[in-house]
């Protein structure tokens, strides 16, 4: 094979390699821009952004806590039905999440086989309307849960509200998790990260 032809082939191969690398970088950038990290719990200070809200606010006796361990946040406790109770929850302190243009939330969680709710609030109030998305967990198995904003249902104290406008992501100020399965039970939900997606 002539040296000129070899050089030409090497040049074509190099060009193809550079093009494929550029495409890979472009794809990575598109994926990167399509998701926004909200929490990954690698910073222990992030636990300060969360608070517990149980049925004790209505006289119930459920107990729960937030534990930070190995770059994870763990929501665990006991739901009690005594004194008209029946729920435990954790949620963030109010702030703007700047999610205009995003379509939903992704959660990487490990549960205990129980059903949980992801809750979203569009104001800074302690009580009031929230939007819920229910999801099942697999015992001791990491799963990624997709929470499409258009599937989040407006509720107030467990009752579904009709004729309300759909959730506007740019107004989101609080997010959280709640368990309320109408039975007394222990629970534990581990959360690795929370992201939004387009």
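Residues in the range 136-165 that are at pLDDT below 95 and loosely packed, with under 11 Cβ neighbours inside 10 Å: 157, 159, 160, 162, 163, 165.
Going through (1) within 19 Å of residue 185 (Cβ to Cβ); (2) modelled with pLDDT of 95 or more; (3) surrounded by fewer than 12 Cβ atoms within 10 Å (Cβ to Cβ) one by one, residue 86 falls short only on (3).
Conditions (1) more than 16 Å from residue 174 (Cβ to Cβ); (2) part of a loop (DSSP other than H, G, I, E, B); (3) without any contact (Cβ under 8 Å) to a residue 60 or more places away in the chain; (4) outside the structural domain of residue 151 (by TED's automatic domain parsing), marked per residue:
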{"position": "66", "(1), (2), (3), (4)": "no, no, yes, no"}
{"position": "86", "(1), (2), (3), (4)": "yes, yes, no, no"}
{"position": "91", "(1), (2), (3), (4)": "no, no, no, no"}
{"position": "96", "(1), (2), (3), (4)": "no, yes, no, no"}
{"position": "100", "(1), (2), (3), (4)": "yes, yes, no, no"}
{"position": "107", "(1), (2), (3), (4)": "no, no, no, no"}
{"position": "116", "(1), (2), (3), (4)": "yes, no, no, no"}
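The values are calculated or read from the model by the stated rules, or taken from the named source; none is laboratory data. Just so it is clear, the model here is predicted, and its values are computed rather than measured. Cβ atoms come from the backbone with ideal geometry, glycine included; neighbour counts cover every protein chain shown.
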